[in-house]
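I have a structure I would like to understand better, so I am pasting it below and will then ask my questions one at a time.
The values are calculated or read from the model by the stated rules, or taken from the named source; none is laboratory data. Everything numeric here is computed off the predicted structure, so don't read it as measured data. Every residue, glycine as well, gets a Cβ built from its backbone with ideal geometry; the counts of neighbours run over all protein chains shown. Ligands, DNA and RNA are excluded from the accessible area calculation, which covers all protein heavy atoms including side chains. Shrake-Rupley method; radii C 1.70, N 1.55, O 1.52, S 1.80 Å.
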Amino acid sequence: QRRGFALIGWWLLGIPQYVIAGIFAGGAVQVGLIGVLVCVAALVLLFRGFYLQSVFELVVGLNRWVLRVCAYAVLLTPEYPPFRLDPGAREPSAPIGPAATAT
């Protein structure tokens with residue numbers, strides 16, 4: 001890349017991730033998918049008395065992915081965020097996918 005334009009290439013590379021993260025997280029005017037799932041889980045918890053484990057894992061995975069995209073967007077990390085959900089109680093410590101098996 002030419003001098004001075006490195007950050008523009010970085011920003012353009014993330015546009016697909018930014019669009020999807022905006023749909024998941026929502027914004028000031030709209031409610032995102034994560035907000036809808038949390039409201040559904042709150043209603044289930046209110047009327048049934050339990051929190052669905054599958055909804056919890058999906059919300060945690062979506063939140064982790066959105067936060068990775070936000071960290072990339074504000075230049076906190078040079079690592080391009082992968083298109084994957086990491087549901088569960090903790091985030092995996094080792095890379096997942098073809099890069100992990102290539103070594």
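At what distance in nm do the modelled label points of Leu45 and Leu75 sit from each other, each positioned 7 Å from its Cα along Cα→Cβ?
Between Leu45 and Leu75, the simple spin-label model gives 3.8 nm.
Compute the normalised compactness of region 16-95: alpha-carbon radius of gyration over 2.2 N^0.38 Å, N being the residue count.
On the way: Rg = 14.0 Å, N = 80, 2.2 N^0.38 = 11.6 Å.
So region 16-95 has a normalised radius of gyration of 1.20.
What accessible area, in Å² to the nearest ten, does a 1.4 Å probe give for Phe83?
Result for Phe83: roughly 130 Å² accessible.
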